[in-house]
Amino acid sequence: MKSFDRVIKRLRKDRPMLAVTLRMPADVLEDLKRIAPMLGHAGYQPLMRAYVGRGLREDLERLEGSDLESLVASLRRRGVDEAVLAQAIAETSGAGS
């Protein structure tokens, strides 16, 4: 049930954060800053986290083949509330009973 635990941890809003230094072209950073608000992000860093998270979830799904992660990603793309997802996952894993 490691997959369940990982998904539940990822749904938590209070996960610890680490600072990372990343060099990228200035024009890419300017584009990120410009489109972040258009996509509903508070700034370019949340947008970058969203991009990295999306790519990571896709690769993990592809490499690990988790049906649960695939389902959660699909529901998230369709706008299902994070709290509802967390509750459903907890119930599925037996943690919500």
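Across segment 59-86, the number of residues qualifying as of a type outside the set (A, V, I, L, M), surrounded by 14 or more Cβ atoms within 10 Å (Cβ to Cβ) and modelled with pLDDT under 85 comes to 4. The C-beta contact set for segment 5-29 (first residue under 13 Å from Q45 (Cα atoms), second residue at pLDDT 85 or above and open to solvent by 100 Å² or more (accessible area, probe 1.4 Å), distance under 8 angstrom, 6+ apart or interchain) is empty. Taking segment 14-58 as the range and being β-branched (V, I, T) and either at pLDDT 95 or above or farther than 17 Å from R77 by Cα (or both) as the test, the residues that pass are V20, T21, V28, I35.
Is there a residue being surrounded by fewer than 12 Cβ atoms within 10 Å (Cβ to Cβ), among the basic types (K, R) and part of a helix (DSSP H, G or I) anywhere in segment 39-53? No: segment 39-53 contains no residue that is surrounded by fewer than 12 Cβ atoms within 10 Å (Cβ to Cβ), among the basic types (K, R) and part of a helix (DSSP H, G or I).
The values are calculated or read from the model by the stated rules, or taken from the named source; none is laboratory data. The shown structure was predicted, so the numbers you read here are calculated from the model rather than taken from an experiment. Positions of Cβ are backbone-derived with ideal geometry, glycine not excepted, and every protein chain shown enters the neighbour counts. Just the protein is used for accessible areas: all its heavy atoms, side chains included, with ligands, DNA and RNA removed. Shrake-Rupley method; radii C 1.70, N 1.55, O 1.52, S 1.80 Å.
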